[in-house]
Every structure is written in C-alpha cells, then in structure tokens.
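The values are calculated or read from the model by the stated rules, or taken from the named source; none is laboratory data. Just so we're clear, the structure is a prediction, and the values are computed from it rather than from any experiment. Note that we place each Cβ from the backbone using ideal geometry, even for glycine, and neighbour counts take in every protein chain shown. Accessible surface is based on the protein model in full, side chains and every heavy atom, while ligands, DNA and RNA are left aside. Shrake-Rupley method; radii C 1.70, N 1.55, O 1.52, S 1.80 Å.
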Amino acid sequence: MDYFDGKTALITGASRGVGYALARELATRGARVVISARGEKRLHDSLEKLRKITPDIVAVAGDVGAWEDAEKMVFAAVDNFGGIDILVNNAGVSMRGNFSELTPEVCQQVVQTNLLGCMFPSLAAVEHISKVGGHIVFISSIAGLFGLPGASAYCASKGALTGLCESMRIELHQFGVHVGVVHLGFTEHDPEKRILAADGSQVLPDRPAHNTQEQAAKAIVGMMQKRKRRLVMTPPGKLGGLAYRLSPGLVEKAIVTAKSSSWAIFKDFE
Ligand SMILES: NC(=O)c1ccc[n+]([C@@H]2O[C@H](COP(=O)([O-])OP(=O)(O)OC[C@H]3O[C@@H](n4cnc5c(N)ncnc54)[C@H](OP(=O)(O)O)[C@@H]3O)[C@@H](O)[C@H]2O)c1
C-alpha cells in the first residue's frame with residue numbers, strides 16, 4: 001500500500017503551480033486532498049481536473065492570511081474526511097524591487113501571505129495533525145537561505161519560516177509530527193503567475209526554470225515520506241546554501257559583484 005493512501009492532505013495555494021502539481025501527485029498516490037486558493041474560477045477548474053484522478057477532492061476558496069479562511073480550510077478537511085494528516089503551506093507571493101522603493105502595502109501583503117499565511121493554517125491544523133503524528137511542511141525558497149537583492153520582504157518572510165519550523169518541530173516532537181521546510185529553487189511557472197513590483201503592480205516573472213513543477217512535487221512528497229527536516233532544491237540552491245553556511249561574507253561579496261556585472265542570475269533570484 002502506498003504511504004499516502006487514505007491520508008488527508010490540505011495544500012494551500014493549489015489552484016496552480018507547485019501546489020497543484022503536489023495535489024495531483026498526492027491524489028495519484030491515494031491521498032484525499034483539500035486544495036485552496038483565493039481565485040474561485042481557477043480553483044474550480046483545478047478541482048474538476050483532480051476529480052478525474054479521485055473523487056476525494058475538496059476545494060475551499062479563501063485567503064491564507066485571514067484567520068477565518070485558514071480555519072475554514074482545515075474544517076473542510078476534518079468535516080469531509082474526518083481529520084487531517086498533512087498540511088503543506090505552499091501559498092505564497094513573490095516580489096521584486098529594492099527595499100527603499102517598496103510601498104508599505106507590498107511589505108504587508110508579502111508578510112501576510114508568506115508568513116501569517118503559513119502560521120494561520122498551521123495553527124488551525126496543529127491539534128488534528130498531532131493526533132496522528134502527521135506532517136506540516138513549509139514551502140520556502142533559496143531566498144529563505146540567505147538575503148538576496150531586490151527581494152527583501154520575500155527573503156524576510158521565507159527566512160522566518162525556518163524559525164517557525166524549527167520551534168514547531170521541537171514542540172511537536174512528543175506527538176511524532178514531522179515538521180519540514182522545502183527551499184525551492186527556480187521552478188517552472190504557470191503563465192498566470194504574477195509577482196509584486198515595488199509599487200504593488202503585478203508583473204510577469206522573468207526567471208529561468210531549473211526544475212519542473214512535477215519534479216518539485218515528487219521531491220516534496222519524497223521528503224515527507226522520509227520525514228526529512230529540510231529539502232534544498234536545484235544545484236544553485238544547494239551550492240549557494242552550502243557556500244553561505246561556510247562563508248556568509250564571501251557569498252555576500254560574490255552577490256554584490258554579480259549584481260554590478262552582467263551575471264544576471266542574481267537579479268532574478270526568487
Ligand atoms: N516557482 C518558483 O520558482 C518558486 C521558487 C521558490 C519558492 N517558491 C514558492 O513556492 C510556492 C508556490 O510557488 P508557485 O510558483 O507555484 O506560485 P504561483 O503559481 O503563484 O501559485 C500560487 C498559488 O497560491 C495561491 N495564493 C496566492 N496567495 C494566496 C493567498 N493569500 N491565500 C490563498 N492562496 C493564495 C494562488 O492562487 P490565488 O492567487 O487565486 O489565490 C496559487 O494557487 C510559493 O510559496 C513560492 O513562494 C516558488
């Protein structure tokens with residue numbers, strides 16, 4: 001029997017992108033899945049596609065940064081499937097722009113979605129997941145490993161997930177709950193994906209992709225099954241993370257140099 005067979009998973013931000021790929025992977029492996037996002041049309045379309053894999057799929061529209069909506073997502077899992085084994089805090093928003101140019105609204109939206117939007121669903125689900133020694137996973141980024149130019153609020157919100165994850169892991173050890181963080185690298189994105197510019201306007205992402213959504217989903221599911229504390233995806237993520245641990249000053253110097261040169265990868269880092 002597959003490890004995920006019969007387990008109930010709530011995946012936030014699963015109407016598209018990595019969250020949708022993850023919902024598809026878990027559904028294929030026999031899990032009962034609750035997907036959530038704000039946009040109802042896309043969420044409904046994704047629900048219909050997933051229903052072709054299994055009837056045990058429920059969709060809940062809502063904002064992860066709003067406590068009532070986060071509770072609603074967890075209630076949907078408990079009401080429909082009798083409990084919750086897995087929470088993947090995947091919903092997130094990216095931004096570009098130097099810190100001095102950010103509007104207060106952009107700072108608020110990024111932190112509200114990427115940090116409180118992980119805390120609220122976790123808080124609503126923790127008691128249920130503790131009962132079954134399940135999984136709570138946070139989808140972070142290479143930008144959660146070290147600071148990157150043009151992404152300050154994003155780095156702050158993703159970096160904070162590491163602290164949240166570490167505290168929760170210790171507190172939940174007694175209940176056998178696996179709490180893990182995934183540092184995604186540049187991943188293929190859907191055409192609808194938008195990121196926030198410094199002034200709050202929505203712009204297209206402009207980065208290369210180092211892995212597909214399917215590869216990311218399979219790696220995340222694998223780290224859950226092995227109950228790993230941390231997964232760092234893509235060669236730049238692994239190399240950058242290691243280099244930063246060994247010599248943060250050197251990495252900072254390399255980024256400053258790269259930023260002023262034509263080494264464009266650091267301009268597009270997420
Ligand atoms: N793609 C990458 O290269 C990459 C790299 C590193 C880290 N990540 C992280 O991986 C995660 C997924 O990225 P992705 O590229 O798949 O993103 P995406 O294509 O933009 O999808 C984001 C999903 O989250 C939902 N969402 C956004 N804000 C929400 C909110 N406040 N409440 C509820 N749902 C919300 C979106 O639907 P609605 O807009 O309709 O709500 C959508 O379903 C994010 O946390 C991102 O930061 C991605």
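What are the ³J(HN,Hα) values, in whole Hz, obtained from phi via the Karplus relation 6.51 cos²θ - 1.76 cosθ + 1.60 with θ = phi - 60°, for each residue of region 47-58 in sequence order, with x given for Gly and Pro?
Listing the rounded values in order: 4, 4, 5, 5, 5, 6, 8, 8, x, 7, 10, 10 Hz.
Classify region 1-141 from the C-alpha gyration tensor, please: rounded if a/c falls under 1.5, else prolate or oblate depending on whether a/b exceeds b/c.
Verdict is prolate for region 1-141.
Compute, for the chain, the length of the dipole vector about the Cα centre, with Cβ point charges of +1 (Lys, Arg) and -1 (Asp, Glu) only. Units Debye, rounded to 20.
With only Lys, Arg, Asp and Glu charged at Cβ, the dipole is about 840 debye.
For region 108-123, just list the computed ³J(HN,Hα) in residue order, Karplus coefficients 6.51, -1.76 and 1.60, θ = phi - 60°, integers in Hz, with x standing in for Gly and Pro.
Values, residue by residue: 5, 5, 5, 5, 4, 7, 7, 9, 5, x, 9, 5, 5, x, 5, 5 Hz.
Could you work out the pair-distance distribution P(r) of region 35-103 from its alpha-carbon pairs, with 10 angstrom bin width and percents rounded to whole numbers?
18, 43, 25, 10, 4
Give the lysines whose C-alpha is closer than 28 Å to that of LYS131, dropping any in the same chain fewer than 8 places away, or say none.
Straight-distance partners of LYS131: LYS7, LYS72, LYS158, LYS218, LYS226, LYS228.
Among VAL132, VAL64, VAL181, which one shows the biggest mean-square fluctuation in a GNM of the chain, springs joining Cα atoms closer than 10 Å?
VAL132
For the chain, what relative contact order do you get, as a whole percent, if you take Cα pairs closer than 8 Å and at least 6 residues apart?
Numbers: 552 pairs, mean separation 48.3, N = 270.
Relative contact order of the chain: 18 percent.
At a 1.4 Å probe, what is the % contribution of carbon and sulfur to the accessible area of region 50-120?
Of the solvent-accessible surface of region 50-120, carbon and sulfur hold 54 percent.
Please find, in a Gaussian network model of the chain (springs between Cα atoms separated by less than 10 Å), the residue of ARG245, ARG24, ARG51 whose mean-square fluctuation is greatest.
ARG245
Write down the percent of antiparallel bridges among all DSSP beta bridges whose residues are both part of the chain, to the nearest 5.
5 percent
Would you mind calculating the relative contact order of region 168-270 from Cα pairs under 8 angstrom and at least 6 residues apart, reporting the percent as a whole number?
Details: 98 pairs, mean separation 30.9, N = 103.
In percent, rounded to a whole number, it is 30.
What residues qualify as long-range amide H neighbours of VAL34, i.e. H under 5 Å apart, gap of 5 or more or another chain, H built at 1.01 Å from N?
Correct list: ALA9, LEU10, ILE11, VAL58.
In Å², and per residue, what accessible area does region 1-139 have when probed at 1.4 Å with the other protein chains present? It would help to have the intermediate numbers written out before the result.
Working: 5720 Å² over 139 residues.
Per-residue value: 41 Å².
Per residue and in Å³, how big is the convex hull formed by the alpha-carbon atoms of region 72-189?
Spread over its residues, the Cα hull of region 72-189 gives 107 Å³ apiece.
Using a 10 angstrom cutoff on alpha carbons, build the Gaussian network for the chain and name the most mobile of LYS193, LYS238, LYS52.
LYS52
Beta carbons within 10 angstrom, averaged per residue: use that to sort the peptides 156-162, 9-15, 102-108, 219-225, highest first.
Order by mean packing, descending: 9-15, 156-162, 219-225, 102-108.
Please list, in order along region 222-236, the HN-Hα scalar couplings obtained from phi with the Karplus expression 6.51 cos²θ - 1.76 cosθ + 1.60 (θ = phi - 60°), rounded to whole Hz, x for Gly and Pro.
Rounded to whole hertz, the list is x, 5, 5, 4, 7, 6, 6, 6, 8, 10, 10, 9, 6, x, x.
Sticking with the crude label model, points 7 Å out along Cα→Cβ, report the distance from ARG245 to ASP45 in nm, one decimal please.
4.1 nm
Just the number, please: Stokes-Einstein D of region 148-229 in µm²/s, Kirkwood Rh from C-alpha pairs, 20 °C, 1.002 mPa s. Don't skip to the end; give the middle numbers.
Working: Rh = 15.1 Å.
Answer, rounded: 142 µm²/s.
Ignoring everything except DSSP H segments at least 4 long, calculate the 222 nm mean residue ellipticity for the chain; use -39,500 (n - 2.57) per segment, divide by total residues, nearest 500.
After summing the helix terms and dividing by the residues of the chain, the value is -14500 deg cm²/dmol.
State, as an integer percentage, the relative contact order of region 128-205 based on alpha-carbon contacts under 8 Å between residues 6 or more apart.
Relative contact order comes out at 35 percent.
At q = 0.13, 0.15, 0.17 Å⁻¹, what log₁₀ I(q)/I(0) does a Debye calculation on the Cα points of the chain give, no solvent, two decimals?
-0.81, -1.08, -1.38
What does the charge add up to near SER140, with Lys and Arg as +1, Asp and Glu as -1, over the other residues with Cβ less than 10 Å from its Cβ? Don't skip to the end; give the middle numbers.
Values: positive: LYS158, ARG230; negative: none.
So the environment of SER140 carries a net charge of +2.
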